[in-house]
Amino acid sequence: MASEAHDAHARSIVGTSVITLDDLSIAQINELLDKARYIDTHRKDVAHTCDGRVLATLFYEPSTRTRLSFETAMLRLGGKVIGFAGAQLASVTKGESISDTLKTVSNYVDVVAIRHPKEGAALVAASAASVPVINAGDGGHMHPTQTLADLATLRSRFGRVNDLTIGLCGDLTFGRTVHSLIETLCRFGNVRFVLISPKELRTPQYVLNRINATKDCSYVEVSDLSEVIGDLDALYMTRVQKERFFNEDDYLRLRDTYILDEAKLRRAKPTMAVLHPLPRVNEIAKDVDDDPRAAYFEQVRNGMLMRMALESSVLGDELPGFDAYVNKEVAA
Ligand code: CP
């Protein structure tokens, strides 16, 4: 499989549900990255882009960043938000199916963001809904809007998202952000993945197959972070996903396998970027936070900007001034 990095002009994504980033072309993803950058510097100009719109956040699993940034994104665009954070107060406790919930909520809102512990739940939701549905994380499967935040962060650090050596470290089995990111980076092409994990938490075969099928991407699997850290342009740390383990003893044994601290960072390139989707537990020591290589709070900010870009785009609400801004950049 060749990369799609040189895709043609972006077609509109109005009405599109985003379950994985495969639902968007590379040109469309690039346009979202451009929109997020524009939004960041034109906050007042875009403040009424989604006036009259309503977003529903249906979160069947805990979240801080994803739910709050989806909601803040809509509020900052002039829209309103409804939803639930935790299924315990919703009618799922009475036995309602996801399909019935989405058929219902589609009558109330213009766009839905859903997080669910089961892989495939977002796809079921999108099939039932009559408005665009955005996957805010489905079990250990995918987390496409986190990937948008990751891409924006890589682009802001390196000016590109390809021709990089990227280490992914920690729980590569259950870490849905890792799966989304690898699949998408393969589409941009020319990435060397260094997959760093204990043998129990290796990358699933379907994700490795994707790398194997991409002619200009490659991977190695290793277990020692210190051995490879000096080769990396970016290091993507992940939390061991306690909630997806069947056995608490295994979690306790594996949770602190990797702890990135300033001592380990001394072996890294001075320009290496440290990413983490957050929340972190112990895998990045606090002493790393003040290091200029720490990019994880930039990721948080980029997450909100990318969700603003995505929400306005699937709704077909144009950002005032964006077209002129892009044309000026192309002409320059
Ligand atoms: N990165 C992320 O998905 O964080 P939350 O679980 O807090 O939403």
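The values are calculated or read from the model by the stated rules, or taken from the named source; none is laboratory data. Not measured: the values here are computed from a predicted model. Positions of Cβ are backbone-derived with ideal geometry, glycine not excepted, and every protein chain shown enters the neighbour counts. Surface accessibility is based on the protein's heavy atoms, side chains included, excluding ligands, DNA and RNA. Shrake-Rupley method; radii C 1.70, N 1.55, O 1.52, S 1.80 Å.
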Name the long-range amide H neighbours of residue 81: under 5 Å, sequence gap of 5 or more, or other chain; modelled H, no Pro or chain starts.
55
Give the carbon-plus-sulfur fraction of the accessible surface of the range 144-299 in %, rounded to a whole number; probe 1.4 Å, heavy atoms of protein chains only.
48 percent
Quick shape check on the chain: root eigenvalues a ≥ b ≥ c of the Cα gyration tensor, a/c under 1.5 is rounded, otherwise prolate if a/b tops b/c, else oblate, and it reads oblate
If you take the beta carbon distance between residue 287 and residue 94 as r and set R0 to 45 Å, what does 1/(1 + (r/R0)^6) give as a FRET efficiency, to the nearest 0.05?
0.40
Using the membrane-span-like helix rule (whole DSSP H runs, Cα extent along the own axis of at least 27 Å, mean Kyte-Doolittle hydropathy at least -0.5), which helices of the chain qualify?
296-315
HN-Hα J in Hz across the range 267-275 - Karplus 6.51, -1.76, 1.60, θ = phi - 60°, x for Gly and Pro
7, 8, 5, x, 9, 4, 9, 9, 10
Amide N proximity, the range 229-244 versus residue 200 label position 7 Å along Cα-to-Cβ, cut-off under 16 Å:
239-244
Residue-wise, which Karplus ³J(HN,Hα) couplings in Hz belong to the range 234-240, taking 6.51 cos²θ - 1.76 cosθ + 1.60, θ = phi - 60°, and x for glycine or proline?
9, 10, 9, 7, 9, 7, 6
Taking amide H positions as placed 1.01 Å from N in the peptide plane, with prolines and chain starts having none, which residues 5 or more places from residue 136, or on another chain, fall under 5 Å of its amide H?
114, 115
